Amino acid sequence: MDKGTPDLAAPAAALAEGSQAAVIEHDIEVIFDHLDGLVRELGGRRQRLNPLMAARRHPAAFVLAGASVLGAMTSSLLFRRARRRQQRTWLGRAQRARAALACLIHGALRPAPRLGVRVLTTIATAAAAVAARHLARRLASQFSARR
């Protein structure tokens, strides 16, 4: 029998007597033994996946992860505060005005794309998407065939 099926073979003495109660009792004991093993395994898995137990087993990793999250939050707040402070100065306002003026000038001087160029761009984009999809399917079929 394979590992997953219980051994339901009754003891030879019970078969010799012909007692069905003894056979059923033996089968129930075997099934309970298998269930006990499964319950123990599930309990162990539940305990291994418990974040509190993982924190107790690997405290340095949890401290490092917490410190990195705290550092990332602090640095983002500090950078945001510094950027706001910099934007309020006259130099920051001048830089924003220069960027807006550059967008205005370059946007006005740039000619609108012609219809032919837009159509060719759309066709090329669609062809590239179809080719990429075909290549992805081919690679996926090759990898699934290897396994």
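Numbers at a glance
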read-out	value
Residue identified as within 30 Å of Q95 (Cβ to Cβ), part of a helix (DSSP H, G or I) and at pLDDT 90 or above among L77, L70, L64, L35	L77
Residue list for the stretch 104-135, restricted to those being at pLDDT below 90 and assigned to a helix (DSSP H, G or I)	L104, I105, H106, G107, A108, L109, L115, G116, V117, R118
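The values are calculated or read from the model by the stated rules, or taken from the named source; none is laboratory data. All figures in this text were calculated on a predicted structure; none of them were measured in a lab. Quick reminder, even Gly has a Cβ in these numbers, built from the backbone with ideal geometry, and neighbours come from all protein chains shown.
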